[in-house]
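The values are calculated or read from the model by the stated rules, or taken from the named source; none is laboratory data. The shown structure was predicted, so the numbers you read here are calculated from the model rather than taken from an experiment. A quick note on method: Cβ atoms are made from the backbone with ideal geometry, for glycine too, and the neighbour counts reach across all protein chains shown. Accessible surface is based on the protein model in full, side chains and every heavy atom, while ligands, DNA and RNA are left aside. Shrake-Rupley method; radii C 1.70, N 1.55, O 1.52, S 1.80 Å.
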Amino acid sequence: MRPGTFEYHRPGSVDEAVEMLGTLENARPLAGGQSLVPMMNFRYGQFDHLVDLNRIPDLSGVTLEPHTVRIGAMTRQVAMQEHSDLATRMPVVISALSNIGHIATRNRGTIGGSLSHLDPAAELLAMTALHDGVMTIHSRDGERRVGIEDYVQGYMTPAMQEGELLTAVEWSCWDGPHGWAFQEFARRHGDFAIAGVAALMGFDPAGRISRVALTVFGLGPAPVRLRAAESMMKEELPDAALFDSVAEDAAMIEAMDDALVTGKYRRRLAPVLTRRVLDQAADQAGRAGHERS
Amino acid sequence: MGAKYFGARVERREDEPLLRGQGRFTDDIVLPDTLTAVFVRSEWAHAKIESIDIDAACNMPGVHSIWRPEDLPDCLRGRQTPIQVPNAAIRQPHNFSVLAMGETTCVGEPLAVVLADSRALGEDAAQMVFVDATPLSVAADLATSIEPGSPLMFSGLTDNIAADVTLEYGDDTEPFANAAVVVEESFHQHRGCCQAMEGRAVLAQHDRDSDQLTVWSASQTPHMVKNILVEMLHHDDAMLRVIAPDVGGGFGPKGMVYPEEILCAALAREIGRPVRWTEDRREHFLATTQERDQIWTMRVAADDNGRLIAVDGDLIHDTGNAAPWGIILPYIAATTVPGPYVIPNYRLRLRSVFTNKPPTTPLRGAGRPQAVFAMERMMDRLAARLNLDPAEVRRRNFVQPEQMPYAMGLIYRDGAPLTYDSGDYPECQRLALEKAGWTDFSARQAEALASGRYIGIGLANYVEGTGLGPYEGSKARVMADGRIEIASGAAPQGQGHKTILAQIAADAFGAPMEDIEVKVADTAAMTIGIGTFASRITVNAGSSTHNAAMALRAKVLKFASLVLEAPEEELEIADRAVKAHGTNRTVTLGELRRFANGMPGFTMPEGVEPGLETADWFSPRQATYCNGSHIAEVEVDIATGAVEILRYIVAHDAGRLVNPMAVDGQIQGGVAHGIGNALFEYMLYDDAAQPVTTTLADYLLPMAPDVPDVEIVHMETPTPLNPLGVKGAGEGGTIPAAACIIAAIENALAPLGVSVSECPISPQRLVELMDAADSAKGAA
Amino acid sequence: MKEVEITVSVNGGSHTETVEPRLSLAEFLRRTLGQTGTHVGCEHGVCGACTVVVDGRSIRSCLMFAIQTDGSEVTTVEGLAQSDAELGPLQAAFRRCHGLQCGFCTPGMLMTLTDFLSRNPDPTREEIRIALTANACRCTGYKGIVDAAMEAAAEMRGKSDGR
């Protein structure tokens, strides 16, 4: 399975890259290649030009600000895993990353590639939703920013035009101690998630939930923030009844069928994983004293 | 000569080059001026080919030529490939042609072939070959394809039934009539693939001056490839050599002879340049033979002590769009069902049915996993009905060791009664149960259930005919430097035959292993042979190597006795020489070889042929039956349907073991394959027989976290059927695995009333079954 | 289609070749350089047979174009042995522990483990299994490979402790 022929371009800067993507016909950016190259090998996608982003230094890097983290699109998943500050500030991300593919996949795969390819099962897409991510998109016309709520237009279709390039994503970090949890269900370790849930949970001194972020992913084209449930949980005690009713919300999310997995099964997993994640996040925050089933 | 190496965990001589990346797989072999073949493959499950337009493709860069059916050399035009394992019961002996002739009957079938300078250029051109085809109705579903009036797989058939055979024995005309217990069930065992890590590959070269045609093929059966090529290409068999170099896994499907092999050989000869084809993974999904789709309907009658009275089964087997190995798969299944049990009355009707999917042929276990699944699940049903421990109901039905050799009731194809030669089935099961802590399990299960965990245990037994004939030969000779060379018809794909045969030869001849050289898988080294499949080589090639090496030793001693003027009893072989005891008279093996090759003036000793070379053809009278008992312990997450295998125990009897390390490896690897059969490997087709799972991301192979360390207990009941007492060991790991894993899942879900009669089973499917059981309860 | 000149270091030896962009790193190693130890199993990044180490990281060479490795350092299975006479500790452990049967997946396994063990010198069996999800084996059932990795890790730890 060899790909069709293409011209290879190696820009050294973002400006060069978007110039190429904006002018060349049937051009595609090459990031980690872990999703693009299999498609090309199968000839599911045939491109006349590949614009290799791997030698643009400005495109990678993790920058930690007081309340946000900014990650260059070409930052490798392994680099994120090995970033000690990121591990301290955002342990849920490290947990999510360990579920992405395999060592060899993470050694090349990038966050920008993952967010541009936009597979519904992408863990980094779930993290972006969990952390109210904002995407920076460059083109020959300049730069624009798109929030995660507007970023997913459809199944594997980001809100980007021909010639546009995702260059960075910003996530809002949670300050102070908080609970977190990430769980996904896949057939084998490293396989695409059939469904997954991630949560961040903060508590006030009285042990009531002060804030919570809850994302379910893999069910549909975009990850779903359960905002109604999040509001409902505020100022409540983290008990079984509360978590059960949140899980019921998760069971209502629309889920897609594909050739191998039914939407029904995904919808079955969502509340199970939600329940487990909520428990785990609360435990993680040291709030294990309350009654939980 | 002693048994220094037999039974030892000798490290393998195959390993070093492979570890250094110096293996020589077919695609690694480089010949100058080689063209790469790229096949244009059918996109239709069933269609009439109207035309193949190659005009645009012909002119593309790097294209040498493009061959459609009408362009083929005369010898191949319009010809069907012979069925390699014929059987009179096959009503419609349909097999493939090298290129589909006017009608394609499977997605992936070769329609035309491009020869180009590289794979990539060939694919560019193949993309530009336009096939005009009219879709025909598709025989997609096994159950409906059997019905009269259903779409025909191929327009030349009268119906889709390739064969309809009933095997039976027993004196009772109505064994079910008054039985105390009758249990009945249907099972669906779904299609699965080979997925050796190396795909198929072939490289063919023809020398115009000498007419020598050399074919390297990633094959388990180079001699069978040669036989087919001689027949189809009308090539002088003395000038045709087939070599299987290093082969990256076979498991059965690499034992077929395929269109791609035949075509590359024919075209290499036709155009005078080497031609290669290396299968890619997508092609492997489409065009390498597979296994199963089988629908089993079983009825079992027993008395109220659980003693079997009768087994009556109906097997509908999907043979796909061809029958290259006839009906061997369902036939083996039919003879395997009875297993280690005494069954007074037995009937199995098998129907082999054509569908528009790839052909099914033996794949690790060769129909036995399916037979064992059906029978062992029925034993569990019987146990449940009678409220007996599943191990107990089996115990009550075992063939006892005193009954060996045991004619189990069926008459084999060759007219001889199918006879288990040796084995102690009760003891084997006992060992497995002991290792697994079977009797303690219910307490552990209850404890787990109390804390909301669902664990289960399952048991399955099997008896496997190994060492399939008709023969395998070995030659032994003394080389000029005094080392010994063994040549054999074995064609390994990872089994370690070179090491095993060296162990056997070293012991039989009386030389250190380092002095034994082993050649395999080359029709020039052994002119006739069968190959490596069906767990047959240790028995057949092992025995012939043993015999040939013993005979060589005898010859050496006879000649040395003359040369050293000493009686044979006073001679010893050591350090590549023969010494006469108590003297300083010695002759090297190299010198002896020159002597034996003949020197003027010397008279040959009586009754001895010249040369230090021997050959032996071991031809087994019948199969030798190995057996095993497997136990799986699983945990099911009832919320998601996820299954984890907590423990896997194997008690295994393959007679005497030449290399226990290699046997353990075969068992561990076989169990992994069985786990795939039970939980992961679902080759999905849609309603139009279009393959859906065509990548390794969709078709799931068990990976390292999915396969536990198998706990193995060995028994050795030597067979009297060969000089070594050995039996085959390559497939036993797989054969009962799906049965015991599914049994364990059912056992775990017993509180929920779930019954599982299919495999493989996915978490999603388990949830469906749990929901259905729940509704049934609610409705009740 | 334009061919491009690249210079790649492979197992310590520098190679300058002209390649077309679509040539994969796997094909470059196998065909252009004649180093056939790296095997091609699936060409869609799942089986791991093609795993090599590029600039210190294990990667799937079927998913990388040779042209991308211009200026890089590549290590393949051919670069693992100590010498013609002596295998590396991981290779030797594979032989002792029966970690290979047909040998086709083995180079990929060795390269994944080389990367993994260099960063995880004291792993558990479970951690090794998870690392090995990058590589499929159809022959061994993985136990021998995990055994070999544990033994090799212990040996390499012993050596680095100065024993």
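Okay, here's what the table says:
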quantity	calculated
Karplus-derived 3J(HN,Hα), 6.51/-1.76/1.60, for each residue of the stretch B:336-353, Hz, glycine and proline x	9, 3, x, x, x, 9, 7, 10, x, 9, 9, 9, 9, 9, 10, 10, 9, 10
Chain A: most fluctuating residue of A:Met39, A:Met127, A:Met156 per GNM, C-alpha cutoff 10 Å	A:Met39
Using distinct alpha-carbon pairs, which all enter the 1/r mean, Kirkwood radius of the stretch C:4-79 in Å	11.9
The stretch C:89-157 - percent relative contact order, Cα under 8 Å, separation 6 or more	54
Relative frequency of Cα-Cα separations exceeding 45 Å in the protein assembly as shown, percent	40
From phi via Karplus (6.51, -1.76, 1.60), per-residue ³J(HN,Hα) for the stretch A:150-158 in Hz, x at Gly/Pro	9, 7, 8, 8, x, 4, 6, 10, x
Distance between the stretch B:657-690 and the stretch B:322-376 - C-alpha centres, whole angstrom	17
Karplus 3J(HN,Hα) series, Hz, for the stretch B:742-755 with 6.51 cos²θ - 1.76 cosθ + 1.60 (x for Gly, Pro)	5, 4, 5, 4, 4, 5, 5, 9, 3, x, 9, x, 8, 10
Average accessible area per residue (Å²) across the protein assembly as shown - probe 1.4 Å, nucleic acids and ligands excluded	35
In range of the label at A:Met156: residues from the stretch A:195-223 whose backbone nitrogen is under 19 Å from the point 7 Å along Cα→Cβ	A:195-196, A:217-223
Protein accessible surface hidden between A and B, which excludes ligands and nucleic acids, total in Å², probe 1.4 Å	2200
DSSP H segments from chain A that extend 18 Å or more along their own axis, Cα-based, with Kyte-Doolittle mean of -1.0 or above	A:263-284
Long-range HN-HN contacts of B:Val726 with modeled amide H, under 5 Å	B:Arg656, B:Thr719
Residues with amide H under 5 Å from that of B:Tyr5, placed H, sequence gap 5 or more	B:Asp507
Eligible lysines near A:Lys264 by straight Cα distance, threshold 24 Å, same-chain separation 8 or greater	B:Lys777
Among C:Thr112, C:Thr140, C:Thr38, residue whose mean-square fluctuation peaks in a GNM of chain C (springs only between Cα atoms under 10 Å)	C:Thr140
Buried accessible area, chains C and A (both chains, 1.4 Å probe, Å² to nearest 100)	2600
Global form of the stretch B:199-245, assessed from the alpha-carbon gyration tensor, a/c cut-off 1.5	oblate
Stretch gain in nm, segment B:Glu184-B:Ala443, where the contour uses 0.36 nm per residue and the Cα spacing is subtracted	90.2 nm
Within the accessible area of the stretch B:469-618 (1.4 Å probe), percent carbon and sulfur	51
For chain B: rounded, prolate or oblate by the Cα gyration tensor [a/c cutoff 1.5]	oblate
Formal net charge of residues neighbouring A:Thr5 (Cβ-Cβ distance under 15 Å; K, R +1; D, E -1)	-3
Cα-based reach from B:Lys4 at 15 Å (exclusive), listing aspartates and glutamates while leaving out same-chain residues under 8 positions away	B:Asp507, B:Glu514, B:Asp515
Under 21 Å between alpha carbons - lysine pairs in the stretch B:469-618 that sit 8 or more apart or on different chains	7
The stretch B:624-696: C-alpha gyration tensor shape, a/c 1.5 cut-off, then a/b vs b/c	oblate
Distance from the stretch B:438-503 to the stretch A:230-244 (C-alpha centre basis), Å	56
Portion, in percent, of the accessible area of the stretch C:89-157 that falls on carbon or sulfur, probe 1.4 Å	55
Alpha-carbon gyration tensor eigenvalues x 5, square-rooted, for the stretch C:89-157, Å	17, 13, 10
Set of lysines near B:Lys357 by C-alpha distance (under 26 Å), chain-local residues within fewer than 8 positions excluded	B:Lys48, B:Lys254
Test item: C:51-62 mean partner chain Cβ contacts at 10 Å	4
Amide hydrogen neighbours beyond the local backbone of B:Gln622, cut-off 5 Å, H modeled	none
Relative intensity, log₁₀ I(q)/I(0), of the stretch B:469-618 from a Debye sum that treats every alpha carbon as a point, q = 0.13, 0.19 Å⁻¹	-0.56, -1.04
The stretch B:274-327: proportion of alpha-carbon pairs further apart than 19 angstrom, %	58
Convex hull per residue volume in Å³, alpha carbons only, for the stretch A:64-135	82
Packing-based order for C:59-72, B:506-519, B:447-460, using average beta carbon neighbours within 10 Å, highest first	C:59-72, B:506-519, B:447-460
Relative contact order of chain B, defined on C-alpha pairs under 8 angstrom at six or more residues apart (%)	15
Residue-averaged beta-carbon neighbours from other chains (10 angstrom radius) around B:671-680	2
In the C-B interface, the accessible area buried, summed over both sides, Å² (probe 1.4 Å)	4000
